[in-house]
Every structure is written in structure tokens, then in C-alpha cells.
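J.: Quick one: the structure is below, and I'll ask about it shortly.
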Amino acid sequence: LSLLQAANLLPNPPPIAKAKKAKGGGKATDDTPADFVHKKLKKMNTDMYYRQHKFNLLAEESEGYAKLLSFLIVGINEENVGVGGADEGGARKYVRELIGAFDLDPNRVLDLALDALEWELNEIVKSYAKKSSSSSSSQSKSGRGGGEEEWGFDTINMAMLNVQNGNVVNMLLAIIRELDGKSSTGGRAIAHLMGFKYRSYHNRAAKVAAAAAADKEKEDNKESTGKSSGGSGSDKSSASSSTRIYPRSLFISTAFLCAHGLVDAHDLFPHLNTS
């Protein structure tokens with residue numbers, strides 16, 4: 001800065017800064033161009049490195065997350081499933097490279113890996129449920145709820161016998177296990193992420209039920225003048241209690257993670273609701 005000031009390449013400080021400094025009670029000393037540029041650089045560095053912008057919190061490194069999602073959903077099925085078995089080391093290495101290259105948040109990467117595992121298990125169960133229901137009509141007649149409720153580990157174990165499905169699920173489990181930081185015992189962050197999913201679904205259902213109750217109350221107030229609407233209220237409460245709050249795929253992924261020792265069911269109890 002001193003060399004640039006000697007060469008008259010630095011801008012002179014504006015008189016407004018001197019007037020503000022004098023008005024604030026400070027000494028009205030003239031700043032040199034080097035001092036002015038140095039203060040400007042300090043403000044720029046503080047704004048760049050120490051201030052979190054709202055855009056960065058919402059859309060930070062979108063290219064890295066796009067590549068991660070395409071790998072978790074499409075890349076594992078196409079590139080990393082070979083004839084000889086699953087390349088778990090290559091999958092984990094690629095995820096580590098994405099985290100390091102694009103400075104991704106490991107907790108958000110773990111959340112996306114859990115969503116990919118939930119989606120993969122849901123697709124496996126749905127496809128094999130359709131095959132079993134179409135091949136044997138007797139099982140669909142004897143099953144509970146027409147075959148749709150027959151979603152359990154029997155179907156997943158049958159699907160895991162397929163090389164491609166088994167390799168994809170095993171690679172996702174290896175990625176999740178490494179991102180969580182524990183190999184054999186229960187995870188540290190998975191329980192909190194799964195609990196957040198349960199709470200968000202419950203809060204969403206509570207908001208929908210509250211909005212429906214408010215609309216129903218408005219309609220009852222408009223229709224009935226002075227008459228009680230106890231029967232409709234009881235029917236409404238029974239209907240709202242019978243609706244499904246949590247998706248079935250979330251239950252399947254939670255049970256699958258518990259069975260593989262990645263989540264302890266007792267860690268999820270504080271996040272669940274009694275209803």
C-alpha cells in the first residue's frame with residue numbers, strides 16, 4: 001500500500017468520512033490513501049469471511065449437492081455396481097472427495113444419504129410387493145389390508161438376494177456408517193436426524209389438522225345457528241386420528257437402520273409423540 005501511495009495509484013479518502021468522524025466525537029485527522037484502503041480491505045475481509053449471508057445458508061455450493069444427489073440416486077445404480085460385487089471403498093472415497101472439493105456440510109450429506117436409503121428401500125419394497133401380488137393372488141387375498149400392509153423385512157430380504165439391490169443398499173449403509181463416525185455401535189447424528197424427520201412430519205400434520213378444524217368450525221358457525229354440532233365433531237376427530245401422519249417408508253428405513261446397529265431405538269423415543 002505504501003508503494004501504491006507513493007505512485008499516486010490509491011484513491012484519496014472522501015471528505016464525507018472525515019466529516020462523520022468529526023461528528024462522532026473523534027479526532028478529525030486526515031487519513032492517508034493507504035490508511036483508507038487498509039480500512040476498506042478490513043471491512044471487505046470481515047464481510048467476506050465472518051458474515052453469514054442468507055443466500056449462502058440456503059443455496060451453498062449447489063453444484064456439489066447436485067453431484068452428490070445424482071451419485072446417491074443414479075450413480076450408485078449405474079457406475080458402482082459391478083458383476084463382482086459392490087465397490088464400497090470407491091463410493092465412500094467419491095463422497096469424501098465431494099465433501100472436500102465443494103466444502104459440503106457432513107451433516108447435510110448424511111441427511112441426503114439417509115433420504116437416498118429411504119427412497120431405495122421404498123422402491124425395493126414397492127416393486128417386490130407388486131411382483132408378489134401379481135404372481136400369487138392367494139397371498140393378496142389372505143394378506144392384511146390387501147397386500148399393501150405386508151411391508152416388512154421378509155420382502156427386503158428377498159429383494160437383497162438380487163445382486164444389484166443388495167450392492168446399492170450395502171454401499172449406502174457404508175457411506176452412512178462412515179459419515180456418522182461410528183462403525184459398530186449406534187450412531188451419534190443419525191438419531192437426531194431421524195428424530196427431526198419424525199418431528200417435522202408430526203408438526204406438519206398438526207398444522208393441517210388445526211387448519212381443517214378451523215375451517216370446519218367456520219362452516220358449522222355459518223350453517224347452524226344456536227345448534228350444537230357434537231356428532232360431526234366426533235366424526236372429525238376419529239377421521240383425523242385414523243389418518244397416517246408418518247410415511248411408511250420412514251418406518252421401514254428406521255427399522256432397517258436399527259437392525260444394522262446404526263440407530264438405537266431408545267434414542268428415538270424423545271423425538272416421538274404419544275399420539
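J.: Yes or no: segment 114-137 includes at least one residue that is farther than 19 Å from Val263 by Cβ, acidic (Asp, Glu) and at pLDDT 80 or above.
T.: Yes, some residue in segment 114-137 is farther than 19 Å from Val263 by Cβ, acidic (Asp, Glu) and at pLDDT 80 or above.
J.: Within the group Ser70, Ser2, which residue is closer than 22 Å to Pro106 by Cβ, of a type outside the set (A, V, I, L, M, F, W, C) and either open to solvent by 80 Å² or more (accessible area, probe 1.4 Å) or modelled with pLDDT of 85 or more (or both)?
T.: Going through Ser70, Ser2 in turn, just one is closer than 22 Å to Pro106 by Cβ, of a type outside the set (A, V, I, L, M, F, W, C) and either open to solvent by 80 Å² or more (accessible area, probe 1.4 Å) or modelled with pLDDT of 85 or more (or both): Ser70.
J.: Another question about this same structure. Does Ala191 meet the test of being over 19 Å from Ala255 (Cα atoms), assigned to a helix (DSSP H, G or I) and either at pLDDT below 85 or not hydroxyl-bearing (Ser, Thr, Tyr) (or both)?
T.: Criteria not met by Ala191.
J.: Taking the condition of being open to solvent by 20 Å² or more (accessible area, probe 1.4 Å) and modelled with pLDDT of 85 or more, how many residues in segment 156-188 meet it?
T.: Residues meeting the conditions: 4.
J.: Moving on to the next point. Can you run down the residue pairs with Cβ atoms below 8 Å, 6 or more apart or on separate chains, where the first is in segment 108-123 and open to solvent by less than 10 Å² (accessible area, probe 1.4 Å) and the partner is among the charged types (D, E, K, R)?
T.: Final answer for the pair search is Leu110/Asp180.
J.: Could you check segment 33-61 and list, in sequence order, the residues that are modelled with pLDDT of 75 or more, open to solvent by less than 80 Å² (accessible area, probe 1.4 Å) and out of contact with any Pro (no Cβ under 8 Å at 6 or more places or on another chain)?
T.: Hits for segment 33-61 are Ala34, Leu41, Asn45, Thr46, Asp47.
The values are calculated or read from the model by the stated rules, or taken from the named source; none is laboratory data. The model shown is predicted, which means the values in this text are computed figures rather than measured ones. When we count neighbours, we look across all protein chains shown, and the Cβ atoms used for this are built from the backbone with ideal geometry, even at glycine. To get the accessible areas, we keep the full protein, side chains included, count just its heavy atoms, and leave off ligands, DNA and RNA. Shrake-Rupley method; radii C 1.70, N 1.55, O 1.52, S 1.80 Å.
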